[in-house]
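K.L.:
Below are the structure tokens for one structure; questions will follow.
The values are calculated or read from the model by the stated rules, or taken from the named source; none is laboratory data. From a predicted model like this one, the values you see are computed outputs, not experimental measurements. Cβ coordinates were reconstructed from backbone atoms using ideal geometry, including for glycine residues, and neighbour counts include every protein chain displayed.
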């Protein structure tokens, strides 16, 4: 995987908000030979994230948010602006493809890692649009999150997964996560030391 890292030194707040702290860019190919770019999210992605959220089935929404969160709540400016963050506390990567039209990119997956500096731990969350599920995109997003998280000093990555989300549990197991039931939250907890 190819990564480009740089620090934003500008004191202009608008410039800081428009560029990730550590830009990430990696060209990948899925199992079905679809070309995809996994890159850092930025504020310009907000309209693409609205389209992404519109593409998710109710089942995909439920497995990501642990509830049937309505589209109106998933696409508020405040939520999307937070989803576009890539800074010291949060890593946000998006999977972008052109789908035959290089002038109109679309986002087909989003992965986030919330960093807890006191414990050097990161908590992941991932969503992949229904048409791209089963093609290896979730695995690629997890691998990229691990790579960036490790570079930023994280020693452990965790995630909470619904017990019925067999696909995500399989991805975590394949990548070496230890999975156990979290009895307090009635979900599965995946943990990996990196």
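K.L.:
Can you pull out every residue in the range 133-146 that is within 14 Å of residue 176 (Cβ to Cβ) and surrounded by fewer than 23 Cβ atoms within 10 Å (Cβ to Cβ)?
P.N.:
Once the filter is applied, which keeps residues that are within 14 Å of residue 176 (Cβ to Cβ) and surrounded by fewer than 23 Cβ atoms within 10 Å (Cβ to Cβ), the range 133-146 yields 139, 143, 146.
K.L.:
Same structure, new question: Does residue 6 fit the bill of being modelled with pLDDT under 95, more than 20 Å from residue 141 (Cβ to Cβ), in contact with a helix residue (DSSP H, G or I) (Cβ under 7 Å, 6 or more places away or on another chain) and surrounded by fewer than 16 Cβ atoms within 10 Å (Cβ to Cβ)?
P.N.:
Against the criterion (modelled with pLDDT under 95, more than 20 Å from residue 141 (Cβ to Cβ), in contact with a helix residue (DSSP H, G or I) (Cβ under 7 Å, 6 or more places away or on another chain) and surrounded by fewer than 16 Cβ atoms within 10 Å (Cβ to Cβ)), residue 6 does not qualify.
K.L.:
Shifting gears a bit: Give me the pairs: first residue in the range 131-160 and under 14 Å from residue 40 (Cα atoms), second residue part of a helix (DSSP H, G or I), beta-carbon distance under 8 Å, and six or more apart or on different chains, which are they?
P.N.:
As it stands, the answer is 142/171; 142/172, since those pairs meet every condition given.
K.L.:
Name the residues in the range 133-142 that are in a helix (DSSP H, G or I) and touching a strand residue (DSSP E or B) at 6+ places or on another chain (Cβ under 9 Å), would you?
P.N.:
The answer is 137, 138, 140, 141, 142.
K.L.:
Counting only residues that are assigned to a strand (DSSP E or B) and over 18 Å from residue 144 (Cβ atoms), how many does the range 170-192 have?
P.N.:
Residues flagged as assigned to a strand (DSSP E or B) and over 18 Å from residue 144 (Cβ atoms) within the range 170-192 amount to 9.
K.L.:
Which of (1) closer than 25 Å to residue 67 by Cα; (2) touching a residue at least 24 places away in the same chain (Cβ under 8 Å); (3) crowded, with 16+ Cβ neighbours inside 10 Å; (4) in contact with a strand residue (DSSP E or B) (Cβ under 6 Å, 6 or more places away or on another chain) is the odd one out, the single condition residue 177 does not satisfy?
P.N.:
(2) is the only condition that residue 177 fails.
K.L.:
Filter the range 147-166 down to the residues that are surrounded by fewer than 13 Cβ atoms within 10 Å (Cβ to Cβ) and not in a loop (DSSP other than H, G, I, E, B) and list them by number.
P.N.:
The one that is surrounded by fewer than 13 Cβ atoms within 10 Å (Cβ to Cβ) and not in a loop (DSSP other than H, G, I, E, B): 166.
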